[in-house]
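S.K.: Below is a structure I'd like to ask you about.
A short reminder: the numbers here are calculations on the coordinates, not readings from a lab. Nothing here was measured: the structure is a model prediction, and the numbers come from that model. FYI the Cβ positions are ideal-geometry reconstructions off the backbone, even for glycines, and counts take in every protein chain you see.
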Amino acid sequence: MKSLWVFHVNTGACNGCDIEILDVLTPYYDIERLGVKLVPTPRHAHALLVTGPLTRQAYHAAKMAYEAMPPKPRIVIAVGTCACSGGIFHDSYALRREYRESLEYPLKGGTSEFLPVHLYIPGCPPRPEEILYGVALLKNIVEKKVRGELFREGTFVLPRESFNAWVEVLLRARIRKELGYFDGYSLLKRFMELVESSESKEELEKLVEKAINDEGDSRLRYGLEKLYSYYLEVVRTYEGILAAKRALVGLPK
Ligand code: SF4
């Protein structure tokens, strides 16, 4: 599930949990980046977010909200110790509870008294980080967010095509000054073909050497030498930038 539309019901909370929910919506915690959106009606909600113990007064309203939700996925999230288990109000006369021979945690006046709860986020009140963590667990994105699934050391280089396009732009200005537009650009095209076809620096060196030896025009020989030395300069600069970036994020050189 990419997005999670949530309807919030307070079934008797002291407002501590509600304030924390507002907190995770602020730009600082920004729960919307996980695809979570608070909606004003249960008819549009995937999930019911319940705070507070289940009071007799709130029971019917909460039940109606639950029944108004679309039948699937109808997720219920209990936020705060009160919603999980009744919390400090667990033995209050004001709470609604079904008669049971033995009442066990968390069935002591919390949301699970009347709804199948999918996610418990305990705490009095839970910290915003705990709410974020709970939602990330529910959406199964904890690994991705914590370990940086999209980041791989191996991808910390410019793709070859982008790199070569960047080099070509830099070399174009230089060779234009040396040989002019016409000869300069056509020679650059030849040189970039050599770059594209080589797999390593050594291979490129051999290919350039051969191209210089085979070239009859001394101007173009000179241009190839210049292009090769500019190319090495650009690669050295790029490798220097890359090493500095790796050092900055603590990666080995
Ligand atoms: S868990 Fe704590 S903060 Fe939340 S409603 Fe209960 S008493 Fe208030």
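S.K.: With runs of 4+ DSSP H residues as the only contributors, calculate the mean residue ellipticity of the chain at 222 nm using -39,500 (n - 2.57) per run, divided by the residue total and rounded to the nearest 500.
M.R.: Values: 9 runs with 127 residues, N = 253.
Rounded to the nearest 500, the figure is -16000 deg cm²/dmol.
S.K.: Within region 1-145, count lysine pairs with alpha carbon atoms under 18 angstrom apart where the residues are 8 or more positions apart or belong to different chains.
M.R.: Final tally of qualifying lysine pairs is 10.
S.K.: Please find the FRET efficiency linking Asp23 to Gln57, where r is the Cβ-Cβ separation and R0 is fixed at 35 Å, and quote it to the nearest 0.05. Don't skip to the answer; put the middle values down first.
M.R.: On the way: r = 26 Å, r/R0 = 0.74.
That pair, Asp23 with Gln57, gives E of 0.85.
S.K.: OK, next. Relative contact order of region 1-135: what whole-number percent is it, with Cα pairs under 8 angstrom and at least 6 residues apart? The partial results should precede the final answer.
M.R.: Values: 274 pairs, mean separation 37.5, N = 135.
So the answer I get is 28 percent.
S.K.: Using a Förster distance of 25 angstrom, determine the FRET efficiency expected from the C-beta separation of His44 and Ser92, and round it to 0.05. Provide the component values of the computation, followed by the final result.
M.R.: On the way: r = 33 Å, r/R0 = 1.31.
The formula returns an efficiency of 0.15 here.
S.K.: Next question. Determine the equivalent ellipsoid of the chain by diagonalising the alpha-carbon gyration tensor, then write out the semi-axes as square roots of 5 times the eigenvalues, largest first, rounded to whole Å. Present the calculation step by step, with values, prior to reporting the outcome.
M.R.: Numbers: eigenvalues 940, 55, 39 Å².
Rounded to whole Å, the semi-axes are 69, 17, 14.
S.K.: Stretch Lys245-Asn164 to full length: gain in nm at 0.36 nm per residue minus the Cα-Cα span?
M.R.: Numbers: separation 81, 0.36 × 81 = 29.16 nm, distance 1.98 nm.
Residue separation times 0.36 nm, minus the Cα-Cα distance, leaves 27.2 nm.
S.K.: Quickly rank 110-118, 127-135 as a protection proxy: mean count of other C-beta atoms within 10 Å, highest first.
M.R.: Working: 110-118: 20.6, 127-135: 18.3.
Going from most to least packed, we get 110-118, 127-135.
S.K.: Report the local net charge at Thr26: Lys and Arg +1, Asp and Glu -1, summed over other residues whose C-beta lies under 15 Å from its C-beta. Can you show the working numbers first?
M.R.: Numbers: positive: Arg33, Lys37, Arg127; negative: Asp18, Glu20, Asp23, Asp30, Glu32, Glu129.
Net of charged neighbours comes to -3.
S.K.: Under a plain spin-label model, where a point goes 7 Å from the Cα along Cα-to-Cβ, how far apart in nm are Val234 and Glu209?
M.R.: It works out to 2.3 nm between the two label points.
S.K.: Put a dot 7 Å past each Cα toward the Cβ at Lys144 and Asp217; how far apart are the dots in nm?
M.R.: Reported label-point gap for Asp217 and Lys144 is 5.4 nm.
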